[in-house]
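One structure is given here, and the rest of the page talks about it.
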Amino acid sequence: MFSNLSAGALGLSLDHPTAIDLAEKHGFGGVDPDLGFLRSLDGTAAIAEHAAAVRERGLQWGIAGLPVPLTAPAEEFRAALTDLPATLELLTAAGVTSVGTWLRPMHDDLNYRRNWVLHVSRLNLVGELLADAGLRLGLEYIGPKTFWSTERFPFLHSLGEARELIAEVGRPNIGLILDTYHWYTAGESAADLAGLTDADIVSVDINDARDDRERDEQQDLDRRLPGATGVIDLAGFMAAVRAAGYTGPVKVEPFMKSLAEQPVDEVLADVSQRLRDAINS
C-alpha cells in the first residue's frame with residue numbers, strides 16, 4: 001500500500017500541478033487524479049504524457065470520483081451514464097485504475113428493500129461500463145448514526161451490508177472503500193475485516209474520532225487526524241488491512257476546516273508522517 005495525497009479530502013484548495021509538486025516534496029507515494037485537469041489537456045496523447053511525467057516523479061494515482069450519482073432521479077442518472085464512457089476514456093488514457101463513490105445510508109422515500117434493488121440495478125450498469133474500461137469501483141459505506149438516522153428509511157451503513165450488496169451485484173471489479181471512521185462508528189472491529197483480500201479493497205481512508213463524544217454521537221463531517229485522539233483502533237485496523245495483502249492508496253480525510261487555515265507545508269508534512277506511521281507500524 002502507499003500513502004496518497006488527496007487535497008480535497010483534506011479541505012485544501014490546490015490545483016493539480018501544485019498537488020503533484022507537494023506530494024513529491026512531502027514524500028507521498030501517490031496523488032489523486034484530477035478529472036477537470038485531464039479534461040483541460042489536448043486529447044488522450046497529452047493525458048498519457050502527463051501521466052508518464054507523474055510516474056517519473058515516483059507517484060502513483062489514487063482513486064478518482066465516480067461521476068455518476070447512484071440515487072439521482074432516473075433522467076439524471078441516465079444522462080450521467082451516457083456521459084460516462086467519454087470520461088472513462090480520459091481516465092484510462094491517464095492510467096487511472098479505480099473510481100469510487102459513497103453509499104447514501106438513508107432515504108426519505110425508498111424503504112430498505114426498494115433502495116437495495118435500485119442500487120443493485122444501477123451498480124450493474126455502472127460496473128459493466130467500468131469493467132469494459134478496465135477500471136475498478138470502490139463503494140464506501142457510511143457509519144455515523146447521526147447521519148443515517150436523519151431520514152425516514154435507513155439504508156446500509158455497515159461493512160457486512162456493503163459486502164452483501166457487492167456480492168449480489170456480482171461484478172469482480174466492484175469492491176470496498178474502507179474508512180476507519182465509518183468502521184468505528186458502525187461498531188466494527190478488526191475481526192470484521194478478517195478474510196478480506198486485496199481484490200476486495202479498492203481504497204483506504206484513515207482518520208480518528210473526537211474523544212468528547214460517544215460512538216453514536218460522532219458527526220460524519222467532524223473528525224480528527226489519524227492517531228490524534230486514540231479513540232479509533234488504528235493499529236488494529238491497519239494490521240487487518242496488511243493481512244489482506246492490500247496494495248492500494250491510503251489517504252486521510254478528516255473534514256477539519258482548521259487545516260485550510262494552517263500553512264500548507266506544515267499540514268502536508270504532518271499528514272505524510274501520520275500516513276507513514278500507520279502504513280509502516
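Every read-out reported here was derived from the displayed coordinates using simple, explicitly stated rules and does not represent laboratory data. In this text the structure is predicted, and so the values were computed from the model without any measurement. Here the Cβ is made from the backbone with ideal geometry for all residues, glycine too, and neighbour counts use every protein chain on show.
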Computed E for VAL120/ALA52 - FRET, C-beta separation, R0 35 angstrom, nearest 0.05: 0.35
Taking every DSSP bridge whose two residues both lie in the chain, the antiparallel percent to the nearest 5 is 10 percent
Regarding region 1-98, what are the three Cα extents along the principal axes, ordered largest first, in Å? 44, 30, 25
FRET efficiency, 1/(1 + (r/R0)^6) with R0 45 Å, evaluated for LEU41 and PHE153 via beta carbons: 0.55
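Provide LEU130, LEU5, LEU259, LEU81 in ascending order of the number of other Cβ atoms located within 10 Å of each residue's Cβ, fewest first. Display every interim value, and only then the final one.
Details: LEU130 23, LEU5 29, LEU259 19, LEU81 15.
Starting with the residue having the fewest Cβ neighbours, the order is LEU81, LEU259, LEU130, LEU5.
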The long-range amide H neighbours of SER98, using H built 1.01 Å from N in the peptide plane and a cut-off of under 5 Å, are ALA64, ARG136
In nanometres, the difference between 0.36 nm per residue of separation and the alpha-carbon distance of LYS257 and ARG78 is 61.0 nm
For region 19-171, would you read off the P(r) tail past 21 Å as a percentage of all alpha carbon pairs? 52 percent
Per q in 0.16, 0.19 Å⁻¹, report the Debye log10 I(q)/I(0) for region 183-280, using one uniform scatterer on each alpha carbon and no solvent. -0.71, -0.98
Distance between the C-alpha centers of region 215-269 and region 142-160? Whole Å please. 21 Å
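Evaluate the relative contact order of the chain (contact order divided by residue number), counting alpha-carbon pairs under 8 angstrom at least 6 apart; express in whole percent. Before the final figure, lay out each step's value.
Numbers: 515 pairs, mean separation 58.5, N = 281.
Rounded, it is 21 percent for the chain.
Please state, as a whole number in µm²/s, the translational diffusion coefficient that the Stokes-Einstein equation yields for the chain at 37 °C and 0.692 mPa s, with Rh defined as the Kirkwood radius across alpha carbon pairs. Don't skip to the end; give the middle numbers.
Values: Rh = 19.3 Å.
After rounding, the answer is 170 µm²/s.
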